[in-house]
1. Which of the DSSP-defined H helices in the chain satisfy a minimum axial length of 24 Å, computed from C-alpha atoms, and a minimum mean Kyte-Doolittle hydropathy of -0.5?
2. With Cβ to Cβ distances under 14 Å as the rule, what net charge do the other residues near residue 59 carry (K, R +1; D, E -1)?
3. How long is the range 2-79 along each principal axis, judged by its Cα atoms, biggest number first, in Å?
4. Hey, what number do you get for the chain at 222 nm if only DSSP H runs of n ≥ 4 count, each worth -39500 (n - 2.57), divided across all residues, to the nearest 500?
5. Mean separation of Cα pairs under 8 Å and 6+ residues apart, divided by the residue count of the chain: what relative contact order is that in percent?
Amino acid sequence: MFFGWFWFFSVFLITLITTFSYVSAYEKSKRILQVFQYGAVMEIIHVMVGFVPSALGTTFMQVQSRLVVVFLLQFFVYNY
């Protein structure tokens, strides 16, 4: 996950510096963001299986809130 987030940040930052546009930087890096953010669902599975001693409800709320933010970002950047 670290390398995925590093890859996303690198692509986003390089595009932002070269184009000076948040929209084009997001368009170039949005698939990377989607893959690694939706990969966070594995956190819920790890709690369910017992790999991580955390509460399922808390973990579910944290992951769900991040996915909602990514979804809203995708919706508003794409449509405006």
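Please treat every number below as a calculation from the coordinates, not as lab data. Keep in mind that this is a model prediction, so the values were computed, not measured. Methodologically, a virtual Cβ is constructed for each residue, glycine included, from the backbone with ideal geometry; neighbour enumeration extends over all protein chains shown.
1. Details: long enough: 2-19 (25 Å, 1.81); 56-79 (34 Å, 1.12).
What comes out of the filter, once short or polar helices are dropped, is 2-19, 56-79.
2. On the way: positive: 66; negative: 43.
Once positives and negatives cancel, what remains is 0.
3. Principal-axis extents of the range 2-79 (Cα, largest first): 45, 27, 14 Å.
4. Working: 4 runs with 68 residues, N = 80.
Here the helix-only value at 222 nm equals -28500 deg cm²/dmol.
5. Details: 47 pairs, mean separation 19.0, N = 80.
The value is 24 percent.
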